[in-house]
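*Asks:* After the C-alpha cells below, expect a handful of questions from me.
Values quoted throughout were computed directly from the atomic coordinates according to the rules given, and no laboratory measurement underlies them. These numbers were taken from a predicted model, which means no experiment stands behind them. When we count neighbours, we look across all protein chains shown, and the Cβ atoms used for this are built from the backbone with ideal geometry, even at glycine.
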C-alpha cells in the first residue's frame, strides 16, 4: 500500500515577479471601475466633445462646407479646457474612493500580508487613477491632433504644429500625475469616498475663490498662485505658447504643482501603513 | 535546524505605551495557541511576525528571514486578521481570487486555488454571494480561505473562532488541527481558553506584553502549584464543612454557592489540602459527595498566572 506524504509542499510553479506586483492592483482597480456601467458611460460621454470637434476639424482642414477656422495651438488648448469637466469627474468618481475604500474596509493589513510593498500599493492605486485621467484629459485632444495630421491635405499643418502634439502630451501627463497624487492623498486622509470628494471639490473651489479675492484686495496677480484653476490655465498657456491672462510667472505655477505633488507623496507615505497606530 | 518562528528579546512600543515587552519565544511546526486577554499584545506580536510592523527592539525571524521589509516572505505566510469588515460588495470567490493575484499567481492558477480554498473551508456554494450578505461564521471562513489559499508554511490566525456558533467553531477548529497535522507552523490567538484547548496543548500565555508562560498545558499547570487553587465540594452540610476547612492554615477563603449544597475553598497548598481530605472524611465523619476543581479549565491557570 503506498503511503503518501501529507506534509507541507510549497508551490514551485510560476509566480509573478516583484516588478509587476503593482500591476495586479492597477488592473483589478481598472477592471472594477469599468464594470460600473455609469462610470463607463461617463467615460464615453467624456469623448463626445472630441467627436464634435473632430467634425469641425475635418471640415476646417479639408476646406469643405466653407468652414474657415484656424487649426493650431489654440484649438487644441480649447479642446483640453473642454476636457476639464471630465477630468474633475473622474478624479471625484474614480479617485476619491481608491484608498478611502480600503481604509474603510480595513483592507491594508490584508494587502500587506501579501508579498507587496507600500510602494507597490501606492503605485497600483496611482496606476488606476492616472489611466483614467489620461483617457479623458490628454487622449481626446491627442486623438484630434493625430486626426488633423491625417486629414490635412498636405504637410503644412504638421510642419507648423508638430510641437503641439508634445504640448498636449506634456501638459496632459503633468496634470494627470499631479492630479492623481493629489486625489490619492486626499483619499488616504478619509475613510469615505464622499468625504474625500468634498475635500477635493472644496479645495479646488475654495482655493480659486480665496485667490481671486486676495488678488482683488491686494490688486496683485500674485495671490492667483493659490488657485488650482489659475495655475493650470497659466501652465497651459505657457505650454501651448499662447499669451496668458493670468499674470503670474509660469515657473511659479509649475512650482506650485510640484509642491502639491510632493505634499501628496509625503501624505501617502505617511498614511499608507499596514497598521493604524492609535495614539 | 532552527525553529520556523524565532522571537528574541522583542519589544514594541507606541510612544510611551509598551505593547510587547522583551518577549522571546520559538514555534515548532504544528499548532500553538497564543493566549492573553484583550490588549495583552497578541495582535502586535502577530503583526510583527507578518512584517506589518517593525519591532522597536529585538529580532523576529520567520523561516530564517526577518519579516520586516521582506514582502516576498509573505508568499510563505498566511495571515487571518481579527477584523472582518471587508469589501462588502465583493463576492467571496472574487475576494480570495484577488488576494491570490496579489500573492503572485496568474489568473487561471488563482481561480483554481480559490476554488480549492473555498472548498476547504466549506464555502463553495456561497462563494458567489457578496461578503456583505455573509454571516459572522462565513466571514471567518472566507478570511481563513484567503490565508490558506496560497498554501503557506506558516499561518498566523488572529482570533479565528471568535463569535462563531458551536458548529462553525468546531469546523474551524478541525481545519486548524488538520493544517497543523500537515506540518504547517500555526499560531492561533484567542482570549477564550477552551477554544485553544480544543486545537492544541502547546500554548503561550502573554499578559501586558510579556510572555507569562509557555509549553504544554500540563507544564503550565505545574507552574501554578505555588498559587492558590480552587476546589469545589458538594456536601449535605456546607456550613459545617466550611467551618472545619477554615481551621486549616492553607485555606484562605471559602465561598458558598447560592442555592446549592456546594462550597468552593481556596487553598495555597493544594497537595496538603488533598492529602488531608481522606482523613477528614474517614476520621471526622465529614460528608463530601462530589469534588471538582474549576482549575482544570485553562482559564483558571491563566487567572492564577496573571494574578
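*Asks:* May I ask for the distance between the Cα centers of the stretch B:81-137 and the stretch A:213-252, given as a whole number of Å?
*Replies:* So the separation of the two Cα centres works out to 51 Å.
*Asks:* Compute the helix-to-body angle for A:118-136: its Cα long axis versus the longest principal axis of chain A, expressed 0 to 90° and rounded to tens.
*Replies:* Helix A:118-136 and the main axis of chain A meet at about 30 degrees.
*Asks:* Also, quick follow-up: With both bridge residues required to lie in the protein assembly as shown, what share of the DSSP beta bridges run antiparallel, to the nearest 5%?
*Replies:* 65 percent
*Asks:* Mind running the shape call on the stretch A:130-170? Use the C-alpha gyration tensor, a ≥ b ≥ c as the square roots of the eigenvalues: rounded below 1.5 for a/c, prolate if a/b tops b/c, oblate otherwise. Provide the component values of the computation, followed by the final result.
*Replies:* On the way: a/c = 5.21, a/b = 2.08, b/c = 2.50.
Taking the square roots of the gyration eigenvalues as a ≥ b ≥ c, the stretch A:130-170 is oblate.
*Asks:* What is the angle, in °, between the Cα long axis of helix A:21-34 and the longest principal axis of the Cα atoms in chain A? Nearest 10 is fine, range 0 to 90.
*Replies:* Relative to chain A, helix A:21-34 is tipped by roughly 60 degrees.
*Asks:* Can you tell me the orientation of helix A:48-62 relative to chain A, as the angle in degrees between its alpha-carbon axis and the longest Cα principal axis, to the nearest 10?
*Replies:* 40 degrees
*Asks:* Under the definition of partner shielding as Cβ atoms of other protein chains within 10 Å of a residue Cβ, what is the mean value for peptide B:93-105?
*Replies:* Numbers: counts 0, 2, 2, 0, 1, 6, 6, 2, 8, 15, 9, 12, 6.
If you average over the peptide's residues, the count of other-chain Cβ atoms is 5.
*Asks:* Averaged across the residues of A:101-111, what count of C-beta atoms belonging to other chains lies within 10 Å of each residue's C-beta? Walk me through the intermediate numbers first.
*Replies:* Details: counts 2, 1, 0, 3, 8, 6, 7, 2, 10, 13, 3.
Neighbouring Cβ atoms belonging to other protein chains average 5 per residue here.
*Asks:* Summarise the partner chain shielding of B:74-83 as one whole number: the mean count of Cβ atoms from other chains within 10 Å of each residue's Cβ. Don't skip to the answer; put the middle values down first.
*Replies:* Details: counts 5, 5, 4, 3, 2, 5, 2, 7, 2, 5.
Mean partner shielding for this stretch: 4.
*Asks:* What ranking do A:92-100, B:76-84 get when scored by the average of other Cβ atoms within 10 Å per residue, highest first?
*Replies:* Values: A:92-100: 23.8, B:76-84: 21.7.
Ranked from most to least packed, the peptides come out as A:92-100, B:76-84.
*Asks:* Among A:52, B:203, what is the fewest-to-most ranking by other Cβ atoms within 10 Å?
*Replies:* Values: A:52 10, B:203 25.
Fewest-to-most Cβ neighbours within 10 Å comes out as A:52, B:203.
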